[in-house]
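The values are calculated or read from the model by the stated rules, or taken from the named source; none is laboratory data. Because the structure is a prediction, the values reported are computed rather than measured. Glycine gets a Cβ as well: all are built from the backbone with ideal geometry, and neighbour counts include every protein chain shown. Keep in mind that these areas ignore ligands, DNA and RNA; they rest on the heavy atoms of the full protein, side chains included. Shrake-Rupley method; radii C 1.70, N 1.55, O 1.52, S 1.80 Å.
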Amino acid sequence: MADPPRASGPSWGHHPPAAVALSDRSGARSVARVTTEHAGTRPTTGAVLPPIVPLALIVGVSPFATDMYIPALPAIARELGTTPGVVQLSLTAFLVAFAVGQLLAGPVSDGIGRRPLMLVGTTAFALASVGCSVAPDVGTLVAARVLQGLAGAAAAVAGRAMVSDTTTGARTAKVFGTLAAINALGPVVAPLAGGAVLTVGSWRLMFVVLAVLGVGFAAAVVLRFGETLPPASRGGTGFRDNGRRIRDLLAIGRFRAYVLTGVLSTIGFFAYIATSSFVFQRQYGFSEQLYTLVFATNATMMVVTTLVFRRVVGRVSEDTLLTVGLLVGTVGSTVVLVAALAGAGPVPVWCGLAVVTGAWGFVLPAAMTRTQHVGAAHPGTAAALQGGLTFGLGGLGTPLAGALGGTALAMGGVMAVLIAAALVVQVVATRRGRNT
């Protein structure tokens, strides 16, 4: 699927509005209805994709805002005179706010444009980080983290919509693959950066670092980011207009299927994120350093596969790559489950998890690309629903494996069931789309 010349066509997700339903294999009538209603509303524009590195950092701000200060949680609890469980609420508060913020901000970006929302988001993120750094008690810290999550979400969802505004065809998938590859480094780099900060200062310095990042993001938006959504393509900004955009997209069966696939697979993947440290350190006796090696190895697998995704996506459809990723993820999680049942020890479990995280390098960019493609009538709203629902519901499902015991068996079981369910949804929806 070759990219048409961008300079001669409208700034539209993958195809001109009237052509979305014709080119999408799903063939869903609802897609045709929504896109036809908006045909001709987006004029030709010279908007270009913002610089990829700052864009990737803004879109992927969550790992830096969460993983960076995790090593300092015990120190925060001691200084603020509270329990570790209460301090962990600051992490939960950010994750929930980040999910809700995407759902709120995405439709707004379709009404007012991307750049104003991104500028407000990055500036507010810096200010909220300062609030965290001077918090006198845990209540203030949690409140500042809520604001930090909302602000980060606004900037992130606007950034993803910018990709849909300025790229087409395989180019869109390649850009999302690049964003995923850079973002995959976050969970590796952030804890190491947090540990380095703790060697020279207190936990408060970590939030000062995040504030500096926020200022840098805002400066990049002012100096290097142009508006990508022309005024003629914007809708209203009231609750009724935002609600209409959400209803338009949720009326599309294929869009709902992609979102459901994302939610199921993300809950399965988050079971690994939330439980693997307990599995390897408590069940298998790994040291913190050795577990860091496990996590870093798996993250490296994801970086490699996202780069592979970028190379093959123009020759293989995103739907096929998404299906392959979910299939490989199901196989990897089944290996974890079988190894746990057989009592085979940590190495097979480690290998199975590496397969799952490698598969995620296909699943994440393919899911983003397809959701944005089918939801091309309202890119900001599509990014909000895809990111907010998958991140929010995925995050709420994080304790599932822990509630079942926090063992390799529980982790592998949750992963295998949910990723396999996502695969079934993807296969069934794809077949139905071809027969429609």
Distance in nm between pseudo-label sites at Val347 and Val428 (7 Å out along the Cβ direction from Cα):
4.0
I need the phi-derived Karplus couplings for the stretch 82-93: 6.51 cos²θ - 1.76 cosθ + 1.60, θ = phi - 60°, integer Hz, Gly and Pro marked x.
9, 8, x, x, 5, 4, 5, 4, 5, 6, 4, 4
Which length gain, in nm to one decimal place, applies between Leu127 and Ile52 when the Cα-Cα distance is subtracted from 0.36 nm times their residue separation?
24.6 nm
Binning every alpha carbon pair distance of the stretch 131-197 at 10 Å from zero, what are the percents per bin?
17, 29, 34, 16, 4, 0
From the gyration tensor of the Cα coordinates in the stretch 211-368, what semi-axes in whole Å does the equivalent ellipsoid have, largest first, with each one equal to sqrt(5λ)?
36, 22, 17
So the FRET efficiency between Ser202 and Ala403, C-beta based with R0 = 25 Å and rounded to 0.05, is 0.15
Pairs of alpha carbons in the stretch 80-181 whose separation is greater than 17 Å (percent):
57
Distance in nm between pseudo-label sites at Asp137 and Ala296 (7 Å out along the Cβ direction from Cα)
4.1
Given a cut-off of 20 Å, what percent of all Cα-Cα pairs of the stretch 199-275 lie beyond it?
69
Of the peptides 330-341, 158-169, 269-280, how do they stack up when ordered by the mean number of other Cβ atoms within 10 Å, highest first?
158-169, 269-280, 330-341
Selected from Val48, Val312, Val130 as most flexible by GNM, with the chain as the system and alpha-carbon contacts under 10 Å
Val312
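Quick one: order Met301, Met118, Met368 from most to least accessible surface, probe 1.4 Å.
Working: Met301 80, Met118 0, Met368 30 Å².
Most to least solvent-accessible, the answer reads Met301, Met368, Met118.
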For the stretch 143-281, what are Rg and Dmax over the alpha carbons, in angstrom?
18.9, 56
Considering only Leu290, Leu192, Leu322, give the residue with the highest GNM mean-square fluctuation for the chain, with springs between Cα atoms whenever their separation is below 10 Å.
Leu290
How big is the accessible area of Leu260 in square angstrom, nearest 10, if you roll a 1.4 angstrom probe over the protein chains?
80
Whole-Hz couplings from phi, Karplus 6.51/-1.76/1.60, listed for the stretch 258-270; x for Gly and Pro:
5, 5, 5, 4, x, 5, 4, 5, 5, 4, x, 5, 5
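Would you mind estimating how fast the stretch 319-392 diffuses translationally, via Stokes-Einstein at 4 °C and 1.567 mPa s with the Kirkwood radius over Cα pairs, in µm²/s?
Working: Rh = 13.6 Å.
Estimated diffusion coefficient is 95 µm²/s.
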For a quick check of understanding: with a 1.4 angstrom probe and all protein chains in place, what accessible area in square angstrom does Val417 have, to the nearest ten?
100
Give me the accessible area of Glu288, 1.4 Å probe, in Å² rounded to the nearest 10.
120
I want to verify the translational diffusion coefficient of the chain in µm²/s; compute it with Stokes-Einstein, Rh as the Kirkwood radius over Cα pairs, at 10 °C and 1.306 mPa s.
73
